[in-house]
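These notes concern the structure reproduced below.
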Amino acid sequence: MVVNAIDGESDRRVWYQYWDSQITYRNSYLARLNYVMQNPVKHGLIDKATKYPSCSAHWFLKNSDPHFLRMVIGFKFDSIKVMDPF
């Protein structure tokens, strides 16, 4: 995995505490969409999500309606309760 190589790790497990949940509110979905795209930035892998090759942010930027893009980017994701031990 790229992240393990960057950190000099070889055996770190990724997705080992995975759980599935159903998102039932539109705003919750949009906040999580922004969270997923900004996660590489949050962890210091890149300074801008659209520069990360394994992230959908670049595709999203090129293909989304500008109004929808602004709306998603505007959602705060710092209060999302997602366990993230990295």
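Could you say which residue among His67, His58 is touching a helix residue (DSSP H, G or I) at 6+ places or on another chain (Cβ under 7 Å), modelled with pLDDT of 85 or more and part of a helix (DSSP H, G or I)?
Working: His67 fails: touching a helix residue (DSSP H, G or I) at 6+ places or on another chain (Cβ under 7 Å).
Every option except His58 fails the conditions.
Within the range 27-54, restricting attention to residues that are of a type in the set (A, V, I, L, M) and over 16 Å from Val2 (Cβ atoms), the residue that is surrounded by the fewest Cβ atoms within 10 Å (Cβ to Cβ) is Val36. Selection of the range 55-70 for residues being under 16 Å from the mean Cα position of the chain (by Cα) and surrounded by 14 or more Cβ atoms within 10 Å (Cβ to Cβ) yields Cys55, Ser56, Ala57, His58, Phe60, Leu61, Leu69. Selection of first residues in the range 24-38 that are in contact (Cβ under 8 Å) with a residue 60 or more places away in the chain and of second residues that are in a helix (DSSP H, G or I) and surrounded by 13 or more Cβ atoms within 10 Å (Cβ to Cβ), restricted to Cβ pairs under 8 Å at least 6 apart or on distinct chains, gives an empty result.
When we screen Thr50, Thr24 for residues that are of a type in the set (Val, Ile, Thr) and at pLDDT 85 or above, the only hit is Thr50.
If we scan the range 28-41, do we find a residue that is at pLDDT below 85, under 16 Å from the mean Cα position of the chain (by Cα) and under 18 Å from Asp78 (Cβ atoms)? Taking every residue of the range 28-41 in turn, at least one turns out to be at pLDDT below 85, under 16 Å from the mean Cα position of the chain (by Cα) and under 18 Å from Asp78 (Cβ atoms).
The values are calculated or read from the model by the stated rules, or taken from the named source; none is laboratory data. Remember, predicted model here, so these are calculated numbers, not experimental data. Here the Cβ is made from the backbone with ideal geometry for all residues, glycine too, and neighbour counts use every protein chain on show.
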